[in-house]
Every structure is written in C-alpha cells, then in structure tokens.
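Taking it in order: structure first as structure tokens, then the write-up.
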Amino acid sequence: MKLLAGLSLVVLAASASAQIPMSKFARTFSSSLTRGFYFQAPTNLVLTHAQVPDESNYGKQIIAIYKLTSAPPAYSATIAVTPAAYIDEIPSSTCWKLPTPVIYNKGDWVAVLGACGTTSGTVHNSYGSAAVASEVAGLAITLNRCGIQSNIATTKGVGAMWSENAGSIGRVRLTFAGGPSSCAHCTPSNGTAVLSLCDDKPAISGKSLGITIASGGATNTGVALAIGINRANIAVPGFGTLCTNPIPLIVFGLPAATAAGTNYAFPIPAAATGLVNLQAGLLGGTGLPLTNGLEIGVGK
C-alpha cells in the first residue's frame with residue numbers, strides 16, 4: 001500500500017452511508033451454490049445499499065439480505081430463511097439501493113448472500129478470507145461465512161442457511177446509513193484500466209482510504225488522479241470519457257499501475273465527511289487510458 005502523504009481528500013457536507021470493511025478478493029468460487037457472510041448488529045443499523053464485487057466481469061449480480069433472530073447454525077445443520085430484500089440479474093456495476101432500507105436492532109443478526117451470475121446455472125462467488133475483523137458505526141464486528149446449497153435466484157433467496165466460521169466469506173459490499181460508501185460509475189471508452197475501492201480500507205474518517213488502480217495491461221510510467229466533487233459522463237472525441245469533473249484537484253506523480261493492480265492510500269482527516277469523485281489516467285504510454293469513475297462517501 002503506497003501512502004500519499006500530505007494529501008487530504010476534498011469533501012462536501014453531505015448525507016453518506018457506511019460501507020463496512022471486509023477482506024480483499026482472494027479467488028472466485030464458481031458453482032451452483034451461493035455464499036456470503038453474517039454478523040451480529042452491535043447497535044441499531046439501517047442497511048441502504050449492497051453490491052457484489054465482479055472481478056471477472058460476469059455482468060450480472062444476485063443479492064439476498066436477511067434479518068435473523070439467531071446466528072445460522074454450523075454446517076450441516078440449517079435454519080429456514082426468507083430474505084428481507086432480494087434482487088437478481090441487475091448489472092454488477094450497479095450499487096443496489098434497497099427499495100426499502102432494512103432496519104436492524106442491536107442484537108439482531110445481519111446476513112447476506114450474493115454472487116455474480118443469472119437466475120439459472122452457475123454463479124460466481126467473490127471469496128475473501130475467513131472470520132474478518134470489521135467495524136460498523138465505529139463498533140467492532142466479525143464477518144463469518146454463511147451459505148445456501150443452491151443458486152439463490154432459483155428460489156428468490158428462500159432456503160436453508162448454514163454457517164462455517166472457518167471458511168472463506170462470500171464478499172458482498174454492504175452499506176449502512178451513517179458513514180462511508182463507494183460506487184463505481186461511467187465506464188470509459190478508450191481502455192481497460194479500472195479504479196476500485198480497497199474493500200479492507202473504505203473511507204472512514206480519521207483512517208486511510210485505499211484505492212486500487214489496475215492498468216489492464218496498458219503501458220504506463222505513472223498515474224494522474226482527478227479528484228472532483230461531481231460525477232460526469234462526457235465523451236471527448238479522441239480522448240475518452242470523463243467520469244468526474246476534475247475540479248478542484250488533479251494529482252500527478254503517482255507510481256505506475258500494474259496490470260493486476262497497484263494500491264494507494266489516502267489519509268482522511270478525522271472531521272471529514274461527504275462525497276468525492278475520482279478518476280485515474282495512465283501516463284507515459286500510448287494515448288491516455290482512463291479508468292471508470294468512483295464516487296466515495298466519507299463518513300464515520
């Protein structure tokens with residue numbers, strides 16, 4: 001993780017949501033089975049958004065959100081579950097805004113299952129490490145593995161859920177009211193470079209925000225990062241698509257991005273809150289390959 005010392009993100013006062021930290025991507029598990037994670041709510045929580053990471057660009061995602069009265073039992077025992085919110089076959093680039101937020105009281109159990117794929121056949125789970133130390137609303141939680149032995153789209157999320165705390169979690173980005181968030185947007189037209197959040201370092205005030213820039217194989221000797229307030233989606237002939245308004249700041253001199261991805265970290269002031277938009281350009285090669293835009297909400 002390369003630290004960009006002295007650079008503070010520009011933010012505006014705004015309502016934001018809290019994306020909880022989770023483990024980094026480890027591998028894809030492709031199967032007819034669906035995986036996720038669960039934890040006990042340490043305080044009252046309001047779940048507003050969810051998104052399945054799509055590392056291999058499968059294009060569609062399936063998500064089921066659950067509100068449980070107890071932890072799922074250890075495999076092979078199960079409990080019958082019905083989702084409090086469910087969606088399938090929406091673009092995996094979409095941050096799903098729940099039609100009605102799911103409200104949890106302190107002591108409730110939050111569970112989520114999610115994968116990339118369609119309503120039939122194989123789904124693709126984004127695996128991360130087991131028993132992930134995380135936090136929500138400034139309070140410590142542990143994300144433990146849970147699952148259902150089917151493609152949940154075939155039953156709209158209804159099924160028999162189990163837990164397996166020593167196993168890899170199925171990664172789903174969950175966003176709760178009250179703190180940081182992230183949403184990728186505006187696919188550029190002139191390259192395969194990608195800008196994404198480091199899921200273990202969301203934008204929590206007083207900590208470091210982590211982002212990853214992957215070159216997609218494009219030659220580059222360095223990276224420029226546009227930091228703006230508003231989203232944009234402006235096609236510039238011969239140049240590409242501007243996904244963020246590069247005002248008030250463009251940062252030059254960042255280390256080159258590798259094909260698999262280079263991580264960068266930004267220190268965030270303790271009092272920071274609000275929204276900021278990012279887009280990276282790869283320098284020193286042919287043309288100026290641009291990444292997607294990434295809107296980040298800084299919060300507690």
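The values are calculated or read from the model by the stated rules, or taken from the named source; none is laboratory data. Because the structure is a prediction, the values reported are computed rather than measured. Here the Cβ positions follow ideal geometry from the backbone for every residue, glycine too, while neighbour counts run over all protein chains shown.
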Point to revise | Residue match in region 91-107 (condition: within 22 Å of Gly159 (Cα to Cα) and of a type in the set (D, E, K, R)) | key: no
Revision key, fill the gap. Looking across region 117-141 at residues that are within 23 Å of Ile87 (Cβ to Cβ) and aliphatic (A, V, I, L, M), the single one that is surrounded by the most Cβ atoms within 10 Å (Cβ to Cβ) is Val123
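Filtering region 135-172 down to residues that are without any contact (Cβ under 8 Å) to a residue 60 or more places away in the chain and part of a loop (DSSP other than H, G, I, E, B), which residue is nearest to Cys198 (Cα to Cα)?
Within region 135-172, the first condition is being without any contact (Cβ under 8 Å) to a residue 60 or more places away in the chain, and the residues that meet it are 154-155, 166-167.
From the residues that got through so far, the ones that are part of a loop (DSSP other than H, G, I, E, B) too are 155, 166-167.
Details: Thr155: 32, Ala166: 23, Gly167: 21 Å.
Among residues in region 135-172 that are without any contact (Cβ under 8 Å) to a residue 60 or more places away in the chain and part of a loop (DSSP other than H, G, I, E, B), the one nearest to Cys198 (Cα to Cα) is Gly167.
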Exercise for review: Can you give me the ranges of the strands (runs of 3 or more DSSP E) entirely in region 184-251 with at least 1 residues that are touching a Leu at 6+ places or on another chain (Cβ under 8 Å) and buried (at least 20 other Cβ atoms within 10 Å of the Cβ)?
Suggested key: 194-197, 208-214, 222-228, 240-244
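I want to confirm something. Restricting to region 47-102 and keeping residues that are touching a Pro at 6+ places or on another chain (Cβ under 7 Å) and within 16 Å of Val172 (Cα to Cα), which single residue is surrounded by the fewest Cβ atoms within 10 Å (Cβ to Cβ)? Give the derivation first.
Applying the first criterion (touching a Pro at 6+ places or on another chain (Cβ under 7 Å)) to region 47-102 yields 47-48, 59-60, 64-66, 79.
Among the residues that remain, those that are also within 16 Å of Val172 (Cα to Cα) are: 47-48, 59-60, 64-66.
Numbers: Leu47: 24, Thr48: 20, Gly59: 13, Lys60: 21, Ala64: 30, Ile65: 24, Tyr66: 23.
Filtering region 47-102 for residues that are touching a Pro at 6+ places or on another chain (Cβ under 7 Å) and within 16 Å of Val172 (Cα to Cα), the one surrounded by the fewest Cβ atoms within 10 Å (Cβ to Cβ) comes out as Gly59.
Does Ser181 meet the test of being modelled with pLDDT under 90 and either within 22 Å of Leu283 (Cα to Cα) or crowded, with 18+ Cβ neighbours inside 10 Å (or both)?
Taking the combined requirement at face value, the residue satisfies it.
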Practice item. Kindly list, by first and then second residue, each pair from a residue in region 19-44 that is outside the structural domain of Leu294 (by TED's automatic domain parsing) and more than 13 Å from Ser163 (Cα to Cα) to a residue that is assigned to a loop (DSSP other than H, G, I, E, B) and among the hydrophobic types (A, V, I, L, M, F, W, C), limited to pairs with Cβ atoms under 6 Å and residues at least 6 apart or on different chains. Key: Thr43/Ala137
**Study point:** Residues located in region 277-300, provided they are basic (Lys, Arg) and buried (at least 23 other Cβ atoms within 10 Å of the Cβ)
**Key:** none
Check your understanding: Among the residues of region 252-286, which ones are in a loop (DSSP other than H, G, I, E, B) and farther than 28 Å from Thr94 by Cβ?
Key -> Pro255, Ala256, Pro269, Ala270, Ala271, Gly284, Gly285, Thr286
Point to revise | Leading residue by the ranking (farthest from Ala26 (Cα to Cα)) among those in region 142-170 that are surrounded by fewer than 22 Cβ atoms within 10 Å (Cβ to Cβ) and among the aliphatic types (A, V, I, L, M) | key: Val158
Practice item. Tally the residues that are in contact with a helix residue (DSSP H, G or I) (Cβ under 9 Å, 6 or more places away or on another chain) and either under 27 Å from Ser205 (Cβ atoms) or not in a loop (DSSP other than H, G, I, E, B) (or both), restricting the search to region 102-134. Key: 5
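For region 105-145, which positions are small (Gly, Ala, Ser) and over 16 Å from Ser163 (Cα atoms)? Full working, then the answer.
Here is the first cut: in region 105-145, the residues small (Gly, Ala, Ser) are 107, 111, 114-115, 117, 120-121, 126, 128-131, 133-134, 137-138, 140.
If the condition is that a residue be small (Gly, Ala, Ser) and over 16 Å from Ser163 (Cα atoms), then Gly107, Ala115, Gly117, Ser120, Gly121, Ser126, Ala133, Ser134, Ala137, Gly138, Ala140 are the ones that fit.
Restricting to region 243-261, what's the tally of residues that are touching a residue at least 40 places away in the same chain (Cβ under 8 Å) and on the phi < 0 side of the Ramachandran plot? Steps first, please.
In the first step, residues of region 243-261 are kept if they are touching a residue at least 40 places away in the same chain (Cβ under 8 Å); the result is 243-244, 248-249, 251, 254-261.
Filter once more, so that each one left must be on the phi < 0 side of the Ramachandran plot: 243-244, 248-249, 251, 254-260.
The total comes to 12.
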